[in-house]
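Read the structure below first, then the notes.
The values are calculated or read from the model by the stated rules, or taken from the named source; none is laboratory data. Quick caveat, the model's predicted, so the values are computed rather than measured. No Cβ is skipped: glycine too gets one built from the backbone with ideal geometry, and neighbour counts run over all protein chains shown.
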Amino acid sequence: MHKYLLIICLLTSNVVSAQIPEDAKRYSFYPQGGTARNIAIGGAMGSLGGDINATFVNPAGLGLFKTKEVVLTPAFAFNNNKSTYRTTLEKNKLNNFNLGTTGFVWAHNNRYKKSSSAFSLALTQTADFNNTVKYNGLNNFSSMAEQFAEEMVTVNINNVLSTNSPVAYGAAPAFYTFLIDTLSSGGNLTVKPATGFILDANEALKQEYTKTTKGGIYELALSFAHNTNDKWLFGGTIAMPIVNYKSTTTFKESDTSLKTSNFFNNFVYTDDFTTKGIGLNGKFGVIYRPKEYVRIGFAVHTPMFLFLKDTRETNLSTALENPVNTYTTSSKTFTNNVKGESKYIQSTPFKAMLSGSYVFREVENVNRQKAFITADVEYVHHKGSRFGSDNEEPTENEKAYFKDLNNVVKGYYKGNFNFRVGGELKFTILMARLGFAYYGNPYKETELKANRMILSGGLGYRNKGVFVDLTYAHSFNKDVDFAYRLADKANTYAVVKNQRGNIVATLGFKF
């Protein structure tokens, strides 16, 4: 289905720790979080306002504040994954704490001029990376060792095992441990994976994959909004995203034939990878109220401009037969005994949002409002992710590398629409809320399917300046996962279905 020659070239470039298309999607394909109230109504905050989470959605919504407010939002998530690979289904679970929107709002209300303004300082966890994906299956079609062999033929063989190897994380360890080796045939030198003898005999390899990820994206934001006559509300946010991502991937292939004549028993490949950095982005929006009970909102989120640093170390152990021997090495053998590091700049896709709300019995005294319904339509330009060098004067090799990588991203992803809808029914000091959200497929290839659906509901309490909200949201997520990619044959991948339960509580005080 996919030919990834370009990606293989990227992986074998002289950039110490190369990026892949999944690095682009990681920072753009995630559901909207926030306060318990915001999550309960599906995240549809684009035109509603009156919640501190407007800071991160449409800051114009802060213009509805007339008082000061302090908010704290803890959350707890339950992960339940199901992965299908080569017809085999595997399940696993992982739970973790995270942080919803927390901060304060300061508002000033000028009743004589019928205007108000508001500032907010808030922190939220934009994306949650905590997860574990596992899958396994029998494969008589391809092997990860073939990826290492493809890397090997793209570089000068005399440099493969050097202390500055261009293939330090794959082909060099594989060559060192005899997982791949060179063969001479008719005067031509070729590279052969040890697993190739099994595949040539149409026998199966058992493949086992585990990837554990941790961390998230956190945003610290400062916002301002102005309200003119309760008709037009304008707002802007300057945010500093903080990225902390860590993954540990273990992949094992084993011979299932019980034959020793094919020389191969198993190999175990481990990849420890981290990304850390900070950035800057802006969010700008407007809300218009043509009638007192109707609100129309529009917001634009600029790309996050991230200054990132990757660190990486791989380990490989290969067990051979006839004669029996095990060879082990680390990528640090080929990087002067240090972990590989790479610094670069990444910009995420821009977002645009159109929203509408209808408030029943909309009056200045919000205690008399009875209900509302609200909806957002959001466009995310996934294929607009870009990578670049953080050097003031990048080398020609760096320029070529990032140009090729950005072309891969443009060809791999597409823009997509997300939809969110929710509502609230108010009973004096108590509120009941429901919401739904759908996040569309970011992949351009029709064979690759990914989406997110979220059902949510919650309760709220408001009385004498104190408010407490409690929400449960259940998400159904679908995506694909590639353990490796090959240039000369179709790639096989796992279909990962994830369900996540999220309990969110918000405690706030108005004064």
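Selection within region 58-85: residues that are in a strand (DSSP E or B) and aliphatic (A, V, I, L, M). The member of this set that is surrounded by the most Cβ atoms within 10 Å (Cβ to Cβ) is Val71.
What number of residues within region 229-264 are charged (D, E, K, R), at pLDDT below 90 and under 30 Å from Ser120 (Cβ atoms)? So that I can check it myself, show each step before the final result.
Residues of region 229-264 that are charged (D, E, K, R), as a first pass: 230-231, 246, 252-253, 255, 259.
When the remaining residues are screened for being at pLDDT below 90, the result is 230, 259.
Keeping just the survivors that are under 30 Å from Ser120 (Cβ atoms) gives 230.
So the count comes out to 1.
Of the residues in region 184-205, at least one is at pLDDT 90 or above, assigned to a strand (DSSP E or B) and more than 27 Å from Ser165 (Cα to Cα). Taken residue by residue, region 138-145 has at least one member that is buried (at least 22 other Cβ atoms within 10 Å of the Cβ), under 25 Å from Thr274 (Cα atoms) and in contact with a Pro (Cβ under 8 Å, 6 or more places away or on another chain). With the structure loaded, tell me whether Asn418 is modelled with pLDDT under 90, surrounded by 14 or more Cβ atoms within 10 Å (Cβ to Cβ) and on the phi < 0 side of the Ramachandran plot or whether it fails that test. No, not satisfied.
Evaluation of Thr492 against the conditions (1) surrounded by fewer than 19 Cβ atoms within 10 Å (Cβ to Cβ); (2) part of a strand (DSSP E or B); (3) more than 17 Å from the chain's Cα centre (by Cα); (4) among the polar types (S, T, N, Q) shows that the sole unmet condition is (2).
In region 86-133, the residue that is modelled with the lowest pLDDT out of those that are over 25 Å from Thr348 (Cα atoms), surrounded by fewer than 19 Cβ atoms within 10 Å (Cβ to Cβ) and aliphatic (A, V, I, L, M) is Leu94. So, Thr311, is that one within 20 Å of Leu62 (Cβ to Cβ), in contact with a strand residue (DSSP E or B) (Cβ under 8 Å, 6 or more places away or on another chain) and among the polar types (S, T, N, Q) or not? So Thr311 does not fit the description; no. Pairing residues of region 283-300 that are within 18 Å of Ala371 (Cβ to Cβ) with residues that are of a type in the set (A, V, I, L, M) and modelled with pLDDT of 95 or more, at Cβ distances under 6 Å and at least 6 apart in sequence or on separate chains, gives Arg295/Ile287. Under the condition of being over 19 Å from the mean Cα position of the chain (by Cα), outside any loop (DSSP other than H, G, I, E, B) and not β-branched (Val, Ile, Thr), the residues counted in region 283-323 number 14.
When you scan region 139-149, do you find a residue that is touching a residue at least 40 places away in the same chain (Cβ under 8 Å), more than 19 Å from Thr314 (Cβ to Cβ) and part of a strand (DSSP E or B), even just one? Walk me through how you get there before you give the answer.
Start the filter on region 139-149 by keeping residues that are touching a residue at least 40 places away in the same chain (Cβ under 8 Å), which leaves 139-149.
Narrowing the set further to residues that are more than 19 Å from Thr314 (Cβ to Cβ) leaves 139-142.
This time we only want the ones that are part of a strand (DSSP E or B), so: 139.
So far as region 139-149 goes, yes, one or more of its residues are touching a residue at least 40 places away in the same chain (Cβ under 8 Å), more than 19 Å from Thr314 (Cβ to Cβ) and part of a strand (DSSP E or B).
Could you list all residues from region 344-367 that are exposed (fewer than 15 other Cβ atoms within 10 Å of the Cβ) and either closer than 30 Å to Val380 by Cβ or modelled with pLDDT of 95 or more (or both)?
Initially, region 344-367 is screened for residues exposed (fewer than 15 other Cβ atoms within 10 Å of the Cβ), giving 352, 360-361, 363-367.
Listed by number, the list holds a single entry, Ala352.
Checking Gly501, Gly458, Gly508, Gly435 one by one, the residue that is modelled with pLDDT under 95 and crowded, with 18+ Cβ neighbours inside 10 Å is Gly508 and no other. Taken over region 325-338, the criterion of being without any contact (Cβ under 8 Å) to a residue 40 or more places away in the chain and not in a strand (DSSP E or B) is satisfied by Lys332, Asn337, Val338.
Please state which one of Ala225, Ala168, Ala221 is part of a loop (DSSP other than H, G, I, E, B) and small (Gly, Ala, Ser). I'd like the intermediate steps shown before the answer.
Numbers: Ala225 fails: part of a loop (DSSP other than H, G, I, E, B); Ala221 fails: part of a loop (DSSP other than H, G, I, E, B).
The match here is Ala168.
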